[in-house]
Amino acid sequence: MPSETLWEIAKAEVEKKGINGSEGDGVEFGEKSVFFIGSKNAGKTTIILRCLDRDEPPKSTLALEYTYGRRAKGHNTPKDIAHFWELGGGISLLDLISIPITSDTLRMFSLVLVLDLSKPNDLWPTMENLLQATKSHVDKVIMKLGKMNSKAVSEMRQKIWNNMQKDHPDREIIDPFPVPLVIIGSKYDIFQDFESEKRKVICKTLRFVAHYYGASLMFTSKSEALLLKIRGVINQLAFGIDKSKSICVDQNKPLFITAGLDSFSQIGSPPIPENDIGKLHAHSPMELWKKVYEKLFPPKSINTLKDIKDPARDPQYAESEVDEMRIQKDQELEQYKRNSSKSWKQIELDS
């Protein structure tokens with residue numbers, strides 16, 4: 001019986017790793033995309049730079065920024081590529097979500113939601129708007145991909161459910177996000193000085209949301225130890241490095257809960273007296289938790305959260321000479337519009 005050729009051995013190795021599963025659909029096995037969204041000035045850029053070992057000061061993200069990283073798994077092997085996207089402006093630029101999420105990138109796509117723990121009143125509306133907008137677009141892309149490659153969509157859904165053990169008591173209750181999701185609470189150094197009751201509400205609420213969506217949840221700050229733990233989680237998304245199994249659910253410490261390791265029984269009921277729960281009219285558990293959370297942390301108006309739609313008018317990018325010229329040009333434009341209007345009216349009268 002003849003021995004296997006090198007080609008047959010290599011082919012068998014590829015099939016073993018499952019790389020051939022992406023054949024013909026435009027996806028590279030060694031290429032992944034990680035999309036950072038979240039609160040404005042929450043530290044998204046800092047986390048990305050730390051993950052890529054780039055020692056440079058973070059700059060404010062104006063709109064949508066892109067960078068990438070490479071990592072070799074072994075000697076003489078092709079380097080894996082990770083595409084990092086970052087959406088700036090909090091919830092003011094939701095239209096840009098569609099750019100990094102396409103049918104070509106979706107199968108190897110992960111989402112990281114960074115929330116500013118130091119601003120609890122903004123937390124729920126920021127989280128809700130960003131997750132709803134992202135999920136809506138992802139669902140559309142999945143429908144489009146399903147028409148071209150139904151097998152790929154089935155594999156994606158199965159991969160999401162793999163984070164949850166088959167015998168987990170909450171398996172029939174949760175509604176996993178359509179792509180891998182990590183929720184990061186930033187500025188823990190400020191959050192840890194909050195009153196105990198406020199910390200309890202925020203921790204339990206975020207645990208519920210993360211578990212419901214089948215997401216991982218963790219808190220971080222400028223602490224090197226915490227940043228290293230976050231880096232490990234992001235590297236797992238970007239380069240497939242082994243997932244951490246550690247867990248911390250103590251509200252007096254930075255939370256760190258890998259997807260699938262929490263449970264509704266451990267989280268408990270919404271932190272509100274039972275007599276008051278009946279007074280809150282909610283159509284779903286998610287809506288109930290929202291009402292309980294907003295009772296303690298009333299949200300600001302959506303217009304305030306969206307900040308300034310036009311980045312050119314954002315005070316943080318102000319430059320006196322440029323702004324003066326802009327005002328002058330705006331005035332000239334308005335004068336031109338008025339003169340044009342008068343000219344057309346005169347033509348109509350003459351005719």
| query | Relative to a virtual label point 7 Å from the Cα of D55 in the Cα→beta-carbon direction, which members of region 221-252 show backbone nitrogen distances below 20 Å? | reply | 222-229, 231-232
| note | In nm, the gap between the two label points placed 7 Å beyond Cα toward Cβ at K73 and D189 is 3.7
| message | So if I take the centroid of the Cα atoms in region 252-273 and the same for region 52-122, what is the distance between those two points in Å? | response | 27
| said: Modelling each spin label as a point 7 Å along the Cα-to-Cβ direction, I'd like the E294/I173 distance in nm, to one decimal. | reply: 2.3
| message | How would region 43-143 be classified by its alpha-carbon gyration tensor: rounded, prolate or oblate, with rounded meaning a/c under 1.5 and the a/b versus b/c comparison settling the rest? | response | oblate
| task | Set the Förster radius R0 to 25 Å, insert the Cβ-Cβ distance between H281 and S136 as r into 1/(1 + (r/R0)^6), and round the FRET efficiency to 0.05. | result | 0.50
| Which percent, to the nearest 5, of DSSP beta bridges fully inside region 29-296 are antiparallel? | 35
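Say the cut-off is 30 Å between C-alpha atoms; which of K140/K295; K200/K229; K166/K243; K200/K300; K59/K229 go over it?
Pairs exceeding 30 Å: K140/K295.
Every number here is computed from the coordinates shown, using simple stated rules; none is lab data. Note that the coordinates shown come from a computational prediction; the quantities given were computed from them, not determined experimentally. Virtual Cβ from ideal backbone geometry, glycine too; neighbours counted across all protein chains shown.
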